[in-house]
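Notes follow once the structure below has been shown.
Bear in mind that the values in this text are calculations on the coordinates, not laboratory data. Just so it is clear, the model here is predicted, and its values are computed rather than measured. Virtual Cβ from ideal backbone geometry, glycine too; neighbours counted across all protein chains shown.
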Amino acid sequence: MRFGIQTLVMIALSAPAFATETHCKGNEANLRMVEEMTEVLFNKRDEAQAPKYYAPEVISHNADRGGGETQRVPIANMQKMWRDSKANSPDRKLVNDLIICADDLVVVRVTLSATMTSPMGNIPANGKKYTTTATDTYRLKDGKVVERWGNNDQITILKQLGILEAYAKQEAAKP
C-alpha cells in the first residue's frame, strides 16, 4: 500500500509536465523526452540540464515576437533565457495541454501562467498575473531538439497586463 500512495503522490506532484492529451503511437520516447524537458527546463528552469535536451546549436523559427525569423541559436543563449526567465518570473508555470508526435516531430500546445514581476522592455512591472497559450514544434534527432518553431499569444498577455489598453489610450491622445 505504501508504494501505491507514494507513486500517486509522485504522479500528482509531477502532473503539470504531462499533457492532458497525447497522440504519439510508436513515438513514446520523444513524448517522454518532451514531457521531461517541460518540467526540467520550462518549469524548474534548470539551465544546466539544457545539453540533455538540446543540440549544441538549434535552428529556431521563432514567431513569438511577430516575426518569422530563422536563426541558429547556441545552447548558451537558451540557457541565459531560462536563467533570466527564472529571475524575472519565478512563479511561471507551463502546462502541456496537447502533444502530437509524428516521425521526428513533436508538436506541443501549452498554457503558460505567470506574474509580471519585472519590467517588460520599458514597461515597469505591475504585479498582475497572466495566462496565455503557445504552440511549439520540435524536430528531434538522437533524442535532442535540433530545430524549433514557436509562437505564443502576446496580445492576450498585453491585454491581461493592461499594457494594450494603456498603449491604445496613449495613441488616441496623440494630436
*Could you please let me know if T132 is touching a strand residue (DSSP E or B) at 6+ places or on another chain (Cβ under 6 Å), surrounded by fewer than 17 Cβ atoms within 10 Å (Cβ to Cβ) and in a strand (DSSP E or B)?*
no
*Do any residues in the stretch 38-64 that are free of Cβ contacts under 8 Å to residues at least 12 places away in the same chain have Cβ atoms under 6 Å from those of residues that are buried (at least 17 other Cβ atoms within 10 Å of the Cβ), where the two are at least six apart or on different chains, and which pairs are they?*
Q49/V40
*Quick one: what pairs do we get from the stretch 78-102, first residue assigned to a helix (DSSP H, G or I), second of a type in the set (S, T, Y), C-beta under 7 Å, 6+ apart or different chains?*
M78/Y54; N88/T117; N88/S118
*Scan the stretch 95-129 for residues that are out of contact with any Ser or Thr (no Cβ under 6 Å at 6 or more places or on another chain), closer than 28 Å to R72 by Cβ and surrounded by 16 or more Cβ atoms within 10 Å (Cβ to Cβ) and report the count.*
5
*Checklist (1) of a type in the set (A, V, I, L, M); (2) closer than 21 Å to N43 by Cβ; (3) touching a helix residue (DSSP H, G or I) at 6+ places or on another chain (Cβ under 9 Å) applied to I155, failing item*: (2)
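Has the stretch 28-39 got any residue that is buried (at least 17 other Cβ atoms within 10 Å of the Cβ), within 21 Å of N152 (Cβ to Cβ) and in contact with a Cys (Cβ under 9 Å, 6 or more places away or on another chain)? Write out each step before concluding.
Let us first name the residues in the stretch 28-39 that are buried (at least 17 other Cβ atoms within 10 Å of the Cβ), namely 30-31, 33-35, 37-39.
So of that shortlist, the ones also within 21 Å of N152 (Cβ to Cβ) come out as 34-35, 37-39.
Now drop any that are not in contact with a Cys (Cβ under 9 Å, 6 or more places away or on another chain), which leaves 34.
Yes - at least one qualifying residue is present in the stretch 28-39.
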_Residue among S85, S60 that is farther than 14 Å from W149 by Cα and surrounded by 13 or more Cβ atoms within 10 Å (Cβ to Cβ)_ = S85
